[in-house]
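Each remark here refers to the structure printed beneath this line.
The values are calculated or read from the model by the stated rules, or taken from the named source; none is laboratory data. Since we're looking at a predicted model, the values are computed, not measured. Backbone-built Cβ (ideal geometry, glycine too); neighbour counts: all protein chains shown.
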Amino acid sequence: MKIYSSLPQVAVHDWFMSDETHGPGVQVDFHYHDMDEWLEVVKGDITFFDLSGHEYRLGAKQALRIARGEVHHVEVGSEGVDYQMWLPVTPAAGFQNMLTPDEVACLKNNLESAEREDNRNNDAASFFDEFLSNQIVFSRADGSMVIGKKEFIDAGFKDRGRKSSGSVRVLRRTTDTLFLSAVVTVTEGSPLSFTNLKLFVREDGSLKCRMWINYPEQREEAPPVGSGRNSR
């Protein structure tokens, strides 16, 4: 999510717009949308929170972009809020994809997994024993593969100053699966950023990570040249 001082009209050209009003103190639990969303506050205030608890508070005339799939929850201020919402298409019923408590717990564990890989408290093995499926397929950023939970844990852990962006995007969801994307930064040496794609599958009643793919994010260089960024 990102706050803007005003809405860039070019970003929502030809999009569907609706006027929204919510009363004081309204809260919406963690959810995501299957499309990008822009909104601009007309009156009052509203606060959005990502999975890590980072706050995005908007007052009058401020705008917010929420990327497709980005998980968030919402709290309306004490005076309520009026805002305009833009979507690329007219929303269907079920526009808000509400997440269950165990799905939220799984997504929060996913954020935690970045720092757990650094093993600073010597507890990485026990964490990943619970976090991973026995059938895990793990692809490092260099393309090498690890297959199986024991192989992943036995490979060991190294402190590379990993840090999650605090945000998770749900790309696909079914009754028994979650496919998601998150960004992890490695601060060892020159800071590098990686996209993590993970597939969680329900096994024996809980969601376990069965596929985990790392690949480098593109690095933004000074104009006019753009290049690419890296991770694990």
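Things to note:
- The sole residue among Arg120, Arg116 that is more than 30 Å from Trp15 (Cβ to Cβ) and surrounded by fewer than 14 Cβ atoms within 10 Å (Cβ to Cβ) is Arg120.
- Scanning segment 49-82 for residues that are touching a residue at least 60 places away in the same chain (Cβ under 8 Å), in contact with a Gly (Cβ under 8 Å, 6 or more places away or on another chain) and assigned to a strand (DSSP E or B) yields Val81, Asp82.
- Residue match in segment 83-102 (condition: surrounded by 13 or more Cβ atoms within 10 Å (Cβ to Cβ), in contact (Cβ under 8 Å) with a residue 40 or more places away in the chain, outside the structural domain of Leu199 (by TED's automatic domain parsing) and β-branched (Val, Ile, Thr)): no
- Just one of (1) assigned to a helix (DSSP H, G or I); (2) on the phi > 0 side of the Ramachandran plot fails for Asp102. It is (2).
- Residue among Arg160, Arg120 that alone is more than 17 Å from Trp212 (Cα to Cα), among the basic types (Lys, Arg) and touching a residue at least 60 places away in the same chain (Cβ under 8 Å): Arg160
- Test: residue in segment 34-46 that is touching a Gly at 6+ places or on another chain (Cβ under 8 Å), modelled with pLDDT under 95 and outside any strand (DSSP E or B): yes
- Residues in segment 83-97 that are within 16 Å of the chain's Cα centre (by Cα) and part of a strand (DSSP E or B): Asn97 only.
- Residues satisfying the stated conditions in segment 77-129, i.e. of a type in the set (Gly, Ala, Ser) and under 28 Å from Gly161 (Cα atoms): Ala105, Ser113, Ala114, Ala124, Ala125, Ser126
- Taking the conditions (1) polar (S, T, N, Q); (2) surrounded by 13 or more Cβ atoms within 10 Å (Cβ to Cβ); (3) under 21 Å from Thr195 (Cα atoms) in turn, Ser144 satisfies each one other than (2).
- Looking only at residues of segment 33-82 that are basic (Lys, Arg) and surrounded by fewer than 18 Cβ atoms within 10 Å (Cβ to Cβ), we find that the one that is farthest from Ser18 (Cα to Cα) is Arg57.
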